[in-house]
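Read the figures in this text as sums done on the coordinates, not as results from a lab. Computed from a prediction, not measured in an experiment: that's the story for all the values here. Every residue, glycine among them, receives a Cβ derived from its backbone with ideal geometry; neighbour counts consider all protein chains shown.
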Amino acid sequence: MAARIRRTSAEAARKGRMSRAEERRLLALAKRGDQRALQSLLTALSQPIYRFGLGFCRDSHDAEDLAQDVLLALSRSLSGVRGDAALTTYAYAAARNACLRRRRRPAGAPERLESLDARLSRGDGGEPADPALDPHRRLERLELSDAVRRAIAELPPVQREAVLLRDVEGLTAREAASALGVDVSAVKARLHRGRLALRRALLPFVSPGEASAPRARGCPETARYFSRFLEGELTPAVCARLQTHVEACLRCARVCRSMRETLGACRRLKRAPAPRARRALRATIREAAGTRRGAKA
């Protein structure tokens, strides 16, 4: 039974999914010196930290270095984690602070970018392989993913981190606020502005032709209302009025659809690190947990 529980915990950690109860259990064990528990916790945190670093620092090498630094720092300071908030909250806060300390790239220095052809040829297109997609559709997905990453990178930092935590990593607004050290209303305000900017940047991909469509007289700010609806900020009466309007207005229906496409593209960025990053992070996790190189995770 104990072995099965360990296997289940390890599998959840590898997939980046772990219940709060399991996290608290492993945290308590890790504080008592259980290296397996510490390794499971760090494994679960490694992918979210890497993704956040990649989105915020905008460079895969910087993101990998940052994730390694944060994992090692967390392993050393675990005794100070109370466990009243999700461990990912501490991890994101540490990653954000590390990003801010690490920055910034000298003006004019090129970012490390690769062509889509190079990524396709080695099977690292930035999205999980989907056998149901033909090569043309897969290329479209890759282009959209690249466009999303670039659009997020162009956001002001406070909007970028709100979008990364809420729409890419899937944290609640309260969890994101805790990680960023601000109140929930500030996170939501930044999130709304960031979502609207992303939708505008991605219109050529998610809704070609919408940008040239004139806004009809009397149409509400549908995209902003859509974002506020997702955050539970609209009353039932306002929701009902908007639904009636959208059902009768083709333009506003297209706005809603483009918002859904934009947020769906953000969610698809939540993926495993590239193989090279995975190997480096596994080595760091083994080091942090005090295990020998090559020992089983």
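Summary table below
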{"quantity": "Sites R279 and R36, calculated FRET efficiency, Cβ-Cβ separation with R0 30 Å, nearest 0.05", "calculated": "0.90"}
{"quantity": "Convex hull volume per residue for segment 51-99, taking Cα atoms only, in Å³", "calculated": "58"}
{"quantity": "Residue-count net charge about C239 - beta-carbon cut-off 12 Å; Lys, Arg +1, Asp, Glu -1", "calculated": "+1"}
{"quantity": "Between segment 42-91 and segment 173-240, the alpha-carbon center distance in angstrom", "calculated": "28"}
{"quantity": "Taking segment 159-245 and dividing mean pair separation by its residue count, relative contact order in percent (alpha carbons under 8 Å, at least six apart)", "calculated": "23"}
{"quantity": "Segments 204-210, 261-267, 250-256, 236-242 sorted - mean Cβ within 10 Å per residue, highest first", "calculated": "261-267, 250-256, 204-210, 236-242"}
{"quantity": "Contour minus Cα-Cα distance for H61 and A248 (0.36 nm per residue)", "calculated": "62.4 nm"}
{"quantity": "³J(HN,Hα) computed for each position of segment 249-255 - Karplus, 6.51 cos²θ - 1.76 cosθ + 1.60, integer Hz, glycine/proline x", "calculated": "10, 4, 4, 5, 5, 5, 4"}
{"quantity": "Full-extension gain in nm, C239 to A186, via 0.36 nm per residue minus C-alpha separation", "calculated": "16.8 nm"}
{"quantity": "Computed lengthening from R257 to L72, 0.36 nm per intervening residue step minus Cα-Cα distance", "calculated": "62.4 nm"}
